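What follows is a short report on a single structure.
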Amino acid sequence: MPFCETHEGRLFVAQRGKESSSLPLVLLHGAGGTHHHWGLHLRNLSTSKRVLALDLPGHGRSPGAGRSSIADYSAVVVAALAATGLERVALAGHSMGGAVALWTTLAAPERVAALALVSSGGRLPVLPALFEHLERGEPAAAVRLIAQRAYGRSAPPELRETGEKAFLQTDPQVLHGDLRACAGHNVMARLGEVACPTLVLCGDDDQVTPLKFSRSLAEGITGARLVVLPGAGHMALLEQPEAVGAALHNWIRAAECS
C-alpha cells in the first residue's frame, strides 16, 4: 500500500523493487520537496533492491502539519520504518533530508546500516531573505529565490522552471517550518559518532550547501567517501541523475559487502 499509518500520522511511501532484498534503501527529500525529487533513483535503483521514498508530513501526498525541527522529522522516519517492518536500512537524504538521515543515524544507529548525504551538511544555515519573504506573506518570492540558488549555472532553464512550480505546491507554512528546522540544525560536534559506511555527495556549484559543507562532513565522519560532481548545483540528484545514481549504487553495494 502507498500509505502507512504511524503514531506520527499517515504517510505516503512510494515503493518499488524486491521485497526480499538484503538491505532496503529509504530516500528522504529536502525542504519544501516531495518524493518526486528522488523519482529517477526510485525507479533505477529498484532493479536490484527494495527502494522506498517518503513524503514527509505536509509534503506531497502525506497529510497533516509539517515539523519545525530535524529531530521531529527524524521521529517521523523512525515511525515509518516501524510501520513498514524495516528493522535496518540504507538511508539516503537530500539537503534537509540529509540532515534528517544524519540525525536518525545518531539517534537510532541500530536502524541505519549505511548513510548517504546528498547536498547536505552537519549544519544548514538559511538565507535570512527566505524567512523575510515568508513572514511578509510572499511565498512566490521565497520560492523564486530558492529556485535561483538551487540549480547549478549549467542547469537547463526548464529544469529550474519546473522546480519552481513544484516548490510552489508546498504549503508556505510547511516550507517555513522546514527552513526553521534547517536553521536549527547543527550536529557538527557529533559527526565522529557515525559508525556506518557513509557517502557524502555534492556538486561543486552548490550555492545552498557549498562544497565546504560536504568536506566538513567527510572529514568528521570516519571512513566517509566524498564524491564531488563538477558543474552540479544543490539539486544534483535532478541535474546529474546518472552520476548520482552510480555513486549511490556503488555505496550501497559496498555497504552490503561490509
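Some notes on this structure:
- As a summary of the residue check, Val208 satisfies the conditions (1) part of a loop (DSSP other than H, G, I, E, B); (2) β-branched (Val, Ile, Thr); (3) farther than 26 Å from Gln148 by Cβ except for the one numbered (3).
- Residue ID - farthest from His176 (Cα to Cα), chosen from residues in the stretch 1-35 that are in contact (Cβ under 8 Å) with a residue 40 or more places away in the chain, in contact with a helix residue (DSSP H, G or I) (Cβ under 7 Å, 6 or more places away or on another chain) and surrounded by fewer than 17 Cβ atoms within 10 Å (Cβ to Cβ): Ser22
- Test: residue in the stretch 109-121 that is β-branched (Val, Ile, Thr) and crowded, with 21+ Cβ neighbours inside 10 Å: yes
- Residue count for the stretch 222-246, restricted to those that are without any contact (Cβ under 8 Å) to a residue 60 or more places away in the chain, of a type outside the set (Ser, Thr, Tyr) and either closer than 24 Å to Arg153 by Cβ or assigned to a loop (DSSP other than H, G, I, E, B) (or both): 11.
- Residue within the stretch 151-162 that is polar (S, T, N, Q), out of contact with any helix residue (DSSP H, G or I) (no Cβ under 8 Å at 6 or more places or on another chain) and assigned to a helix (DSSP H, G or I) present: yes
- Condition check for Gly58 on (1) surrounded by 18 or more Cβ atoms within 10 Å (Cβ to Cβ); (2) within 19 Å of Pro24 (Cα to Cα); (3) touching a residue at least 60 places away in the same chain (Cβ under 8 Å): one failure, at (2).
- In a residue-by-residue description of the stretch 182-202, the property of being buried (at least 16 other Cβ atoms within 10 Å of the Cβ), over 18 Å from Gly97 (Cα atoms), modelled with pLDDT of 95 or more and out of contact with any Ser or Thr (no Cβ under 7 Å at 6 or more places or on another chain) applies to no position.
- Residue check: His94 meets all listed conditions (1) out of contact with any helix residue (DSSP H, G or I) (no Cβ under 8 Å at 6 or more places or on another chain); (2) under 25 Å from Ala247 (Cα atoms); (3) crowded, with 19+ Cβ neighbours inside 10 Å; (4) not aliphatic (A, V, I, L, M) but one, namely (1).
- Among (1) in contact with a Cys (Cβ under 6 Å, 6 or more places away or on another chain); (2) on the phi > 0 side of the Ramachandran plot - the single one Ala83 does not satisfy: (2)
- Single residue of the stretch 125-150 satisfying the filter (in a loop (DSSP other than H, G, I, E, B) and under 26 Å from Asp204 (Cβ atoms)) that is farthest from the chain's Cα centre (by Cα): Leu127
- Among the conditions (1) buried (at least 16 other Cβ atoms within 10 Å of the Cβ); (2) under 23 Å from Glu193 (Cβ atoms), Gln240 misses just one, which is (2).
- Which numbered condition Gly177 fails, given (1) at pLDDT below 95; (2) part of a helix (DSSP H, G or I); (3) touching a Gly at 6+ places or on another chain (Cβ under 6 Å): (1)
- Scanning the stretch 53-105 for residues that are in a loop (DSSP other than H, G, I, E, B) and not small (Gly, Ala, Ser) yields a total of 10.
- The requirement of being of a type in the set (D, E, K, R), buried (at least 22 other Cβ atoms within 10 Å of the Cβ) and at pLDDT 95 or above is fulfilled somewhere in the stretch 206-220, by at least one residue.
- Per the conditions (1) under 16 Å from Ala114 (Cα atoms); (2) assigned to a helix (DSSP H, G or I); (3) within 17 Å of the chain's Cα centre (by Cα); (4) of a type outside the set (D, E, K, R), the sole criterion not satisfied by Leu191 is (3).
The values are calculated or read from the model by the stated rules, or taken from the named source; none is laboratory data. As the structure is a computational prediction, the values presented were derived from the model and not from experiment. Cβ atoms come from the backbone with ideal geometry, glycine included; neighbour counts cover every protein chain shown.
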